[in-house]
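Following: one structure in structure tokens, then a few remarks.
Just so you know, all these numbers are worked out from the coordinates, no wet-lab data involved. Just so we're clear, the structure is a prediction, and the values are computed from it rather than from any experiment. Backbone-built Cβ (ideal geometry, glycine too); neighbour counts: all protein chains shown.
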Amino acid sequence: METTKPEILFLCVHNAGRSQMAAGFARSLGGDRVVIHSAGTSPGEHLNPAVIEVMREKGIDITDQRPQALTEEMGLSSDVIVTMGCGDTCPVYLGKRYLDWDLDDPDGMSIDQVRVVRDEIESRVELLVRELESS
């Protein structure tokens, strides 16, 4: 019997920082054992350059990623939806598990501040991926 891979949606407003870092870590840690979506409710034009830089420091290249808009399909197919600062602009999909990660937006932060946010995201993603893989 074929088992389905768990799907995670990382969702924020601009999809240019926090959700992109989380998706990068999840892809790196989960490999092909998980399906990762990353989106924003109001996507920005491009990724935050500081976010690209701090992820590169961890050996994860996200330069090929682009902010993208949330689609109905992403929301409906995901097992876990991780919201990051989108508040009331994040839609609710019934029957989905939601995690709301209260993380500062790296927009306008110094590189050292972005590293702090990155490290917090990395810790949270490690726990989530480990949990999903063991269930």
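General remarks:
- Selection status of Val116, within 25 Å of Leu132 (Cα to Cα) and either surrounded by fewer than 16 Cβ atoms within 10 Å (Cβ to Cβ) or among the aromatic types (Phe, Trp, Tyr) (or both): yes
- A count restricted to the range 87-135 and to residues that are closer than 17 Å to Arg18 by Cα and assigned to a loop (DSSP other than H, G, I, E, B) stands at 11.
- Some residue of the range 117-130 being in contact (Cβ under 8 Å) with a residue 24 or more places away in the chain and at positive phi: no
- The requirement of being free of Cβ contacts under 8 Å to residues at least 12 places away in the same chain and either in a helix (DSSP H, G or I) or hydroxyl-bearing (Ser, Thr, Tyr) (or both) is fulfilled somewhere in the range 68-84, by at least one residue.
- Filter result for Ile52 (without any contact (Cβ under 8 Å) to a residue 24 or more places away in the chain and under 24 Å from Gln113 (Cβ atoms)): yes
- Residues of the range 70-90 that are of a type in the set (Val, Ile, Thr) and surrounded by 13 or more Cβ atoms within 10 Å (Cβ to Cβ): Val80, Ile81, Val82, Thr83, Thr89.
- Test for Arg33: is it surrounded by fewer than 17 Cβ atoms within 10 Å (Cβ to Cβ), touching a Lys or Arg at 6+ places or on another chain (Cβ under 7 Å) and not small (Gly, Ala, Ser): yes
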